[in-house]
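Enquirer: Okay, here's the structure, questions in a sec.
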Amino acid sequence: MEKTPIGHDSLAEMLKDSTLELKMKNDIYSTYQLIPPAHLSDMKTTVICPATQKHVKKYQVQETFLVEETEEDYRSITLPYIQSQSFSVQWVYNILEKKAEAERIICEDPDPKTGFVLLPDFKWDMKQLDDLYLIAIVRSRDIKSLRDLRSEHVPLLENILRKGQEAILKKFSVPACKLRIYLHYQPSYYHLHVHFTSLSHDAPGCGVERAHLLSDVILNLKGSPMYYQKRPLFFPLQADDNLAVKFREAGKLPNC
Ligand code: M7G
């Protein structure tokens, strides 16, 4: 459950119709507990049913460690993990095949190589632009993550960047300079997708330890075609994530 940002248009009503309980007053400063009217106190709620043990772990607060993954670690630890126990991407295929969320699509490009579908992320309830959050899902089914990207994918990434920015400007009047456009490494779902969030929104997972700006990714691939295959990548892992267990077994997770 998440409390969503207070929209500008409901602010006046919120101040007028809420109950205020004074908590502290000092000179010109005071704090209150504000109880808003019922219709302004809704919460955005996400349900996963049935949930696997892996889903339960994903949403639990846990100790987190920063991990360094070399090219060899990816081949011997991460890839076998992805192949054996990553989350199902059935929901992604449902979007691509228009079996779910078809009416929510903002823009799409049918090209099998450079095409994608852009739609609101389910973290965003679309009630206000402050926490704008969309995802672009690529049509190609054989790119698992940032690690698989090579220079041949630059046209795909540039297409997503340009058409995604244009579509968001047209539909939501938010210009490119107010967007944070990035990929996660590691993602939760191993089918390549790009996150589009409002620059003013501290979206979960937008920190430097997990987010890779799409514009940087494009530049890195143009400068070095195998950049993401060759270089070590850093990312956070939760203590009892199964991938963390594999890194620990391989002696790659520091004891801290
Ligand atoms: P990620 O980087 O793989 O993992 O991003 P994260 O969830 O740890 O960030 C997947 C993105 O897809 C996230 O931003 C999710 O909120 C979003 N997402 C996940 N599911 C299952 C759905 C869905 O069914 N519909 C939509 N629209 N978005 C989803």
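The values are calculated or read from the model by the stated rules, or taken from the named source; none is laboratory data. Note that the structure is predicted; figures quoted are calculated from it, not measured. Cβ coordinates were reconstructed from backbone atoms using ideal geometry, including for glycine residues, and neighbour counts include every protein chain displayed. Just the protein is used for accessible areas: all its heavy atoms, side chains included, with ligands, DNA and RNA removed. Shrake-Rupley method; radii C 1.70, N 1.55, O 1.52, S 1.80 Å.
Enquirer: Taking GluC sites (Glu not before Pro) as candidate sites, keep only those in a DSSP loop with at most 16 other Cβ atoms within 10 Å, then name the longest stretch of the chain containing none of them.
Expert: Of all site-free stretches, the longest is 102-208.
Enquirer: With just the Cα atoms defining each centre, how far is segment 10-73 from segment 139-166? Give it in Å.
Expert: Segment 10-73 and segment 139-166 have Cα centres separated by 33 Å.
Enquirer: Once the mean 1/r over all distinct Cα pairs of segment 1-144 is inverted, what Kirkwood radius in angstroms do you read off?
Expert: Averaging 1/r across every pair of different Cα atoms and inverting gives 19.9 Å.
Enquirer: Percent of alpha carbon pairs in the chain separated by more than 29 Å?
Expert: 40 percent
Enquirer: Can you list the lysines whose alpha carbon is less than 16 Å from that of Lys44, not counting same-chain residues fewer than 8 positions off?
Expert: Lys3, Lys123, Lys127
Enquirer: A further question follows. Could you list the chymotrypsin sites (Phe, Trp or Tyr not before Pro) in segment 94-151 that lie in coil according to DSSP, counting only those with at most 14 other Cβ atoms within 10 Å of their Cβ?
Expert: Phe122
Enquirer: In what order, largest first, do Thr19, Thr78 sit by accessible area if the probe radius is 1.4 Å?
Expert: Result of the area sort, largest leading: Thr19, Thr78.
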